[in-house]
1. Within straight cross-link reach of Lys295, meaning Cα distance under 20 Å, which lysines are found once same-chain residues fewer than 8 apart are removed?
2. How would you rank 17-23, 54-60, 114-120, highest first, on the average number of other Cβ atoms within 10 Å across their residues?
3. Using a Cα-Cα cut-off of under 16 Å, which aspartates and glutamates could be cross-linked to Lys172, ignoring same-chain neighbours fewer than 8 residues away?
4. Per residue of region 198-214, in order, report the coupling 6.51 cos²θ - 1.76 cosθ + 1.60 (Karplus, θ = phi - 60°) as ³J(HN,Hα) in whole Hz, putting x for Gly and Pro.
5. Calculate for the chain the 222 nm mean residue ellipticity that helices alone would give, adding -39,500 (n - 2.57) per DSSP H run of length 4 or more and normalising by residue count, nearest 500 deg cm²/dmol.
6. Need one number: the % of Cα-Cα pairs in region 28-105 sitting beyond the 17 Å mark.
7. What is the percent carbon and sulfur in the accessible area of region 125-269, measuring with a 1.4 Å probe over the protein chains and ignoring ligands?
8. Per residue and in Å³, how big is the convex hull formed by the alpha-carbon atoms of the chain?
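The values are calculated or read from the model by the stated rules, or taken from the named source; none is laboratory data. The structure presented is a predicted model; accordingly, all values stated were derived computationally and were not measured. Ideal geometry is used to build each Cβ from the backbone, glycine not excepted, and the neighbour counts take in all protein chains shown. The protein model used for the area step is the full one, side chains on, heavy atoms only, and it has no ligands, DNA or RNA in it. Shrake-Rupley method; radii C 1.70, N 1.55, O 1.52, S 1.80 Å.
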Amino acid sequence: MYTQGLDQAGKDRRVAAETEELLNAFQKRVDAEEKIEAKDWMPEAYRRTLIRQISQHAHSEIIGMQPEGNWLTRAPSLKRKAILLAKVQDEAGHGLYLYSAAETLGVSRDQMVADLLSGKAKYSSIFNYPTLSWADIGAIGWLVDGAAIMNQIPLCRCSYGPYARAMVRVCKEESFHQRQGFDIMHSLCLGTAAQKAMAQDALDRWWWPSLMMFGPNDSESTHSAQSMAWKIKRFSNDELRQKFVDVTVQQADFLGLSVPDDELRFDDETGHYQFGEINWQELFDVIAGNGPCNKQRLEKRQRAHTDGAWVREAAQAYASKQAARAAA
Ligand code: FAQ
């Protein structure tokens with residue numbers, strides 16, 4: 001509501017012609033590992049790619065509060081409730097830093113939020129799966145935050161300064177989140193047979209969707225080549241997925257859980273785990289809006305937005321009053 005002017009600012013920037021000279025000079029700066037800052041010249045496609053990725057990332061953090069929010073009142077102890085509440089609050093904070101980082105590229109938060117609420121904007125597929133048991137909260141922290149860290153640590157070196165800097169703090173918090181998830185899984189695995197079975201069931205349901213978080217195979221990834229040339233992405237989707245599998249399979253072994261993949265085996269020659277084929281149709285269905293919880297997630301977000309209208313109006317009235325006072 002405060003930043004609609006940014007949409008116009010974004011349009012104004014597009015006026016400058018993209019000469020060969022400007023494009024080469026820009027690529028040179030990227031190749032030299034210089035950070036690109038908000039007021040620097042940048043190709044329009046670079047700006048649009050960043051707005052797409054950062055806003056999708058922000059939406060993922062915001063929608064990502066819902067699966068865990070589902071367990072806030074049902075966490076098994078006061079300590080677990082307090083920890084989960086803090087984690088969910090952190091995700092809201094990540095969404096806000098990321099919306100701010102995207103705003104530096106000349107798009108308003110209003111526009112981004114409108115795109116999310118209308119179903120136009122994407123968010124991570126992973127948040128369209130249900131959280132059926134307490135163990136799912138452990139699995140989200142361990143696997144989903146674990147995958148998020150694997151993907152986001154390289155983003156701390158992204159060529160666009162505001163995004164890279166936002167990611168530093170986000171990654172520190174995600175790292176704490178991952179450990180709390182692992183701690184939940186560890187406690188369940190040290191518990192009764194029924195508790196261990198809950199942990200195994202959660203791993204069975206979250207394993208493959210977590211691998212899908214990294215996006216399509218490199219050969220199917222439309223944006224990777226250009227995003228890597230611009231040093232927005234530092235590793236390809238498949239490289240990051242492999243790193244995640246290599247680290248996480250060993251953690252599952254430590255917990256005494258089995259990864260639900262009959263084809264999983266360690267390859268001595270490559271030094272990596274080989275894993276089975278991902279059900280890509282499932283990923284594309286979820287991205288297209290047909291996952292188990294897509295409808296529910298969007299409706300809940302739309303309802304929260306409508307219910308929160310009075311807060312936005314009050315904040316705006318307060319800001320106008322302050323501005324009027326300052327002017328007087
Ligand atoms: N879900 O060409 P690529 C978190 C889309 S945050 C949905 O490979 P790109 C924290 C993609 O957008 C999790 N859509 O695309 C947390 C593109 O569509 P478009 C989010 C997906 O951008 C934890 C098309 O497919 N993290 O978990 C997915 O080069 C716990 C082609 O794909 C980020 O956003 C997917 N999984 O690579 C919160 C990190 N995969 O835009 C709460 C930043 C692909 O052309 C609780 N983002 N698509 O219509 C990235 O690193 C990249 O954007 C990728 C995708 C790697 C996600």
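1. Answer for Lys295, where 20 Å is the Cα cut-off: Lys120, Lys122, listed by chain and number.
2. Details: 17-23: 10.4, 54-60: 24.1, 114-120: 13.9.
So the order, starting with the most tightly packed, is 54-60, 114-120, 17-23.
3. Glu61, Asp90, Glu91, Asp145
4. 4, 5, 5, 4, 5, 4, 4, 7, 9, 4, 5, x, 5, 5, 5, 3, 6
5. On the way: 15 runs with 207 residues, N = 328.
Dividing the helical sum by the residues of the chain leaves -20500 deg cm²/dmol.
6. Details: 1719 of 3003 pairs.
Summing the P(r) of region 28-105 above 17 Å gives 57 percent of all pairs.
7. Numbers: 3240 of 5970 Å².
Of the solvent-accessible surface of region 125-269, carbon and sulfur hold 54 percent.
8. 157 Å³
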